[in-house]
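Step one of this worksheet: look at the structure below.
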Amino acid sequence: MLLSLVLVLVYVFATGTDSSSAHHEHPDSAAPTPTPSISADPSTTPDTTTPSPTPSETTTSPAGGAAAPTEQSAQPQKLFKLGDHPLLQNPDAGLANRACHLPGWQNTPEGAKAFFTAAQKCLDAAWEPFLRAYNLPFTPPRLHFPSSESFDTQCGTINVGIATAAYYCEGDLYLPFDGLQTEQYGNAPGVYLALFAHEYGHHVQELAGIMDAAWERIYAEGQDSPAGQEMSRRKELQAQCFSGMFLGAHVDQGGSITREMYNAAWYDQETRGDDTSGTRDHGSNANYAKWWRAGAYDNRIVDCNTFTAPASEVS
């Protein structure tokens, strides 16, 4: 019988002493160019790691090529699985290409709240049909915008600091404005959207049952053990991949997610991870960027199966 698991998931911002090491702009690097695919056939998908997303065209399937099961139980239920989860098996499945309409970013608590509230609607519209195609449950996450230096959650009291940007805990997603470090990142809606999509990726894991299965393994191994930390990294890097999928599927679709926003998010991932934070539970900066880009590049859910990846790819 699975344990009832309590968790805190934190998105970590880069906070190096040299501000250039944390900034998302890389003027000497070639910008990724989105190249929408016209087929869900994997043979048409490039097998390179060139920074160019190839979102799937999904006009006939609400789940980006994922066929709904022919026989479904009356009540959608979580499946407590990891690498063998049915959600991660279809090589053609990706999020539907669609426009996402967001208000312009404003560096105020009210502006951030309006931006993330609108972004949640886009993420709901992207992930709900995908999950339901596998007869998995769906409920939107509950958004919170704490303004104090600390706040209470189901996972305990959380202190807001400059090294943390957002928290996810069992259906509740917290976005303290002071954690966004807007004084450092400024007008960077692509960066803020990617971090929000990462936390929403944890919500997808929660709804699917992946989160419970991962935490059961972490608790069994010990949170601070090498095996427990590796499982934590696999969980975090999958959320990175889910974040990339969302931006890759929505960039240049006629909405608010522009090439500039996408490019900023693409390069910003290099500044994040355990190399920056000094921890061992999120993945190296290189792998943090690699898994986000894997999701953004092809928009294929099978590319986000971090639980079957070699240990070197989740270090």
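The values are calculated or read from the model by the stated rules, or taken from the named source; none is laboratory data. Given the structure is predicted, the values throughout are model-derived calculations rather than measurements. When we count neighbours, we look across all protein chains shown, and the Cβ atoms used for this are built from the backbone with ideal geometry, even at glycine. Surface areas here come from the heavy atoms of the whole protein model, side chains and all, with no ligands, DNA or RNA. Shrake-Rupley method; radii C 1.70, N 1.55, O 1.52, S 1.80 Å.
Any idea of the accessible area per residue across region 113-257, 1.4 Å probe, to the nearest Å²? Don't skip to the end; give the middle numbers.
Values: 4540 Å² over 145 residues.
With the other protein chains kept in place, region 113-257 gives 31 Å² per residue.
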Could you give the distance between the Cα centres of region 228-242 and region 263-314, to the whole Å? 9 Å
Rounded to one decimal in Å, the inverse mean reciprocal Cα-Cα distance for region 206-277, i.e. its Kirkwood radius, is 14.2 Å
With every protein chain left in place and a probe of 1.4 Å, what is the accessible surface of Asp84, to the nearest 10 Å²? 100 Å²
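Name the trypsin sites (Lys or Arg not before Pro) in region 176-282 that are in a loop by DSSP and that have at most 15 other C-beta atoms within 10 Å, would you? Spell out each step's value before the answer.
On the way: sites: Arg217, Arg233, Arg234, Lys235, Arg259, Arg272, Arg280; in loops: Arg272, Arg280.
Nothing satisfies the criteria.
Determine the share of region 64-210's accessible area contributed by carbon and sulfur atoms, expressed in whole percent, with a 1.4 angstrom probe.
C and S atoms contribute 50 percent here.
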7 Å from Cα along Cα→Cβ at both Thr117 and Thr157: what's the point-to-point distance in nm? 2.9 nm
Rounded to a whole number, what is D in µm²/s for region 130-190 from Stokes-Einstein with the Kirkwood radius over alpha-carbon pairs (4 °C, 1.567 mPa s)? 97 µm²/s
About its Cα centre, how strong a charge dipole does region 229-275 have in debye, to the nearest 20, once Lys and Arg get +1 and Asp and Glu get -1 at the Cβ? 200 debye
Which order do Lys81, Lys121 take by accessible area at a 1.4 Å probe, largest first? Lys121, Lys81
Taking the alpha-carbon centre of each part, the distance from region 81-131 to region 203-217 in Å is 18 Å
With a Cα-only, solvent-free Debye model of region 78-237, what are the log10 I(q)/I(0) values at q = 0.12, 0.21 Å⁻¹? -0.59, -1.43
Can you give the accessible area of Glu230 in Å² (nearest 10), computed on protein heavy atoms with a 1.4 Å probe? 50 Å²
Over region 249-315, how many percent of alpha carbon pairs lie in each 10 Å bin up to the one with the longest distance? 20, 44, 28, 7
